[in-house]
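One structure below.
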Amino acid sequence: MKRLCILILLLVPAFAQDELADKTTRMFPLKYADADQIRRLFSTYSYPISSNREFNVLTVTAPPAFQTKVEAAIKQFDIAPVPPRNIELTVYVMTGAELPSPVPKELESIEKQLMTGGAFKGVRLTDTQVLRIRPGQPGESGGIRLRAAWVNAGEKGRVISFDGLRVNLKTATVSTDIDIPEGQGVVIGKSNPDGLLVATAKVSE
């Protein structure tokens, strides 16, 4: 019995040395992800893992195979955040004209509508108002006020929904909730005496 105890006492340090020899310590600096949140992903493992939030560094002591898992997780989660998108709403006042003039591509279909019947040979833009906001936030610029806007997926592309849109110009006043397909002109009202109030919307990445 005494010999067995002595043998165990001699073998335990050897096993411990072998286990330590199989482990390495690595420091993983992170740019975007929180080091402590990455540490929590591996909280069920018994390997020593510590995080330094001041320098945003993860320190791991483990076998190389486990270090590889940690490195793969960091590559997956330590990525630059997607920058906030801006929604740009443009409101035009379009009226008929005796001579044609260039208009934005989004307004060409509405230009044809105004010229149908030969009453006008062209159109002109007598006013342009632009509002830029973040999704879900209110905004106001010039004669445009808005409660909020969201970007949704449509059948043929993105659709931008405007809630509580109010346009107050010299020749037109409109209050409405409206969905505008990105890159298309939509008539939202009439402008005195013979014009149209047209809106376009897009997402600025």
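Miscellaneous remarks
- The protection proxy used here, the mean number of other Cβ atoms lying within 10 Å of each residue, ranks peptides 195-204, 173-182 as follows, highest first: 195-204, 173-182.
- Dipole in debye (nearest 20) - segment 86-204, about Cα centre, beta carbon charges: Lys, Arg +1; Asp, Glu -1: 160 debye
- Förster radius 35 Å - calculated FRET efficiency between Ser204 and Lys112 (Cβ-Cβ, nearest 0.05): 0.80
- Inter-label distance, Ser43 to Asp22: 2.7 nm, where each label sits 7 Å from its Cα along the C-beta direction.
- GNM top mover of Thr128, Thr171, Thr24 - the chain, alpha-carbon springs below 10 Å: Thr24
- In the elastic network of the chain, a GNM with C-alpha springs shorter than 10 Å, the most mobile of Leu89, Leu41, Leu165 is Leu41.
- Relative to the current alpha-carbon distance between Glu140 and Arg166, full extension at 0.36 nm per residue lengthens the span by 8.4 nm.
- Per-peptide packing, taken as the mean over residues of other Cβ atoms within 10 Å, places 95-101, 185-191, 66-72 in the sequence 185-191, 66-72, 95-101 from highest down.
- FRET efficiency estimate (nearest 0.05) - Cβ-Cβ, Arg53 to Ala80, R0 22 angstrom: 0.70
- The mean sequence distance of close C-alpha pairs (under 8 Å, at least 6 residues apart), as a share of the length of the chain, puts its relative contact order at 16 percent.
- Site pair Lys121 and Arg147 shows an inter-label distance of 4.6 nm when each label is modelled 7 Å from Cα along Cα→Cβ.
- Cα principal axis extents for the chain, largest first, Å: 113, 26, 26
- Distance-filtered residues of segment 169-186 - backbone nitrogen under 20 Å, label point 7 angstrom along Lys105 Cα→Cβ: 180-186
- Mean silhouette area of segment 71-123, derived from the convex hull of its C-alpha atoms and averaged over all directions, reads 6.0 nm².
- Pairs from Lys112/Lys202; Lys69/Lys202; Lys156/Lys190 whose Cα-Cα separation, in the structure shown, is over 32 Å: Lys69/Lys202
- Charge tally in the Cβ shell below 12 Å around Ser175, where Lys, Arg are +1 and Asp, Glu are -1, Ser175 excluded: +1
- Tilt relative to the chain, helix 2-21 - C-alpha long axis, 0 to 90 degrees, to 10: 30 degrees
Each reported figure results from applying straightforward, stated rules to the coordinates on display, with no laboratory input. Since we're looking at a predicted model, the values are computed, not measured. No Cβ is skipped: glycine too gets one built from the backbone with ideal geometry, and neighbour counts run over all protein chains shown.
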